[in-house]
1. In segment 117-134, which residue that is more than 18 Å from the chain's Cα centre (by Cα) and polar (S, T, N, Q) is modelled with the lowest pLDDT?
2. Being on the phi > 0 side of the Ramachandran plot and exposed (fewer than 12 other Cβ atoms within 10 Å of the Cβ) is the requirement here; does GLY26 meet it?
3. Please specify each residue of segment 54-81 satisfying the condition of being within 19 Å of ASP162 (Cβ to Cβ), hydrophobic (A, V, I, L, M, F, W, C) and not in a loop (DSSP other than H, G, I, E, B).
4. Those residues that are without any contact (Cβ under 8 Å) to a residue 60 or more places away in the chain, of a type in the set (Gly, Ala, Ser) and farther than 30 Å from MET95 by Cβ, I need them from segment 6-65; list them, please.
5. Within segment 4-29, track down each residue that is touching a Leu at 6+ places or on another chain (Cβ under 9 Å) and outside any strand (DSSP E or B).
6. For segment 11-70, which residues satisfy the criterion of being farther than 30 Å from TYR157 by Cβ and not polar (S, T, N, Q)?
7. Mind checking which residues of segment 142-164 are of a type outside the set (Ser, Thr, Tyr), assigned to a strand (DSSP E or B) and either crowded, with 19+ Cβ neighbours inside 10 Å or within 15 Å of the chain's Cα centre (by Cα) (or both)?
8. Among ALA52, ALA35, which is the only one that is touching a helix residue (DSSP H, G or I) at 6+ places or on another chain (Cβ under 6 Å), at pLDDT 95 or above and buried (at least 17 other Cβ atoms within 10 Å of the Cβ)?
Amino acid sequence: MASILKVNTIQDATNSNTAMTIDSSGRVLQPNKPAWHVYRKQSGAGLTGVIAWNTAHKNVGTMCNLSTGIVTVPVTGTYHIYTALLGTNSSGGSMSEDMNGFIQVDTGSGFTSKSRVFNDFSIIGNGAGYITGHIHLTYPLSASDQIRINVTAGHVYVENNDDPFSYFGGCLIG
């Protein structure tokens, strides 16, 4: 015999925080599901190294430290992670050099040569203007793993804009 459970809201037992709501059309909302979408708000410039994203469109549970740009995974699960990095020169002008970028994951050994590097990319500059590198991946992560974007060659363009060309984000998908 089939059972039907009819509820609009599911809360945790300890603090009565809303974990899930279901609207009249059957759409499910999970307001506390881990997610982030961050960018660097700064007057047009070219950055290299670890990007310290300082502004968030979304940062559920303060996953991304907006001083360092490093994301700390709050709960073990499978995550979708993405970034877009617009290549530039050191002053924010047209690319004149190659750019290499990485998503790095530290599983406890620190961001060293033992860090897991995902989907690195290289963009050939050749003075061709601005070229964007994209990385998307879906990967299992453990609680306390840390994730960062590291530009090891060339520069990524950042701007004083709330709809930037370069950004970093992700979310728990299960």
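The values are calculated or read from the model by the stated rules, or taken from the named source; none is laboratory data. As the structure is a computational prediction, the values presented were derived from the model and not from experiment. Cβ atoms come from the backbone with ideal geometry, glycine included; neighbour counts cover every protein chain shown.
1. ASN126
2. On the way: on the phi > 0 side of the Ramachandran plot: yes; exposed (fewer than 12 other Cβ atoms within 10 Å of the Cβ): yes.
Here the answer is yes, as GLY26 does meet what is asked.
3. Start the filter on segment 54-81 by keeping residues that are within 19 Å of ASP162 (Cβ to Cβ), which leaves 54-60, 64, 66, 69.
Pick out the ones that are also hydrophobic (A, V, I, L, M, F, W, C) and you get 56, 60, 64, 66.
Scanning segment 54-81 gives ALA56, VAL60, CYS64.
4. Listed by number, the residues that qualify are ALA13, SER16, ALA19, SER24, SER25, GLY26, GLY61.
5. Selection gives ASP23 alone.
6. Going through segment 11-70, the residues farther than 30 Å from TYR157 by Cβ turn out to be 11-33.
Across segment 11-70, the qualifying residues are ASP12, ALA13, ALA19, MET20, ILE22, ASP23, GLY26, ARG27, VAL28, LEU29, PRO31, LYS33.
7. Within segment 142-164, the first condition is being of a type outside the set (Ser, Thr, Tyr), and the residues that meet it are 143, 145-151, 153-156, 158-164.
Right, trim to assigned to a strand (DSSP E or B) and you get 146-151, 153-156, 158-159.
Those that are of a type outside the set (Ser, Thr, Tyr), assigned to a strand (DSSP E or B) and either crowded, with 19+ Cβ neighbours inside 10 Å or within 15 Å of the chain's Cα centre (by Cα) (or both): GLN146, ILE147, ARG148, ILE149, ASN150, VAL151, GLY154, HIS155, VAL156, VAL158, GLU159.
8. Values: ALA52 fails: touching a helix residue (DSSP H, G or I) at 6+ places or on another chain (Cβ under 6 Å).
Testing whether each residue is touching a helix residue (DSSP H, G or I) at 6+ places or on another chain (Cβ under 6 Å), at pLDDT 95 or above and buried (at least 17 other Cβ atoms within 10 Å of the Cβ) leaves just ALA35.
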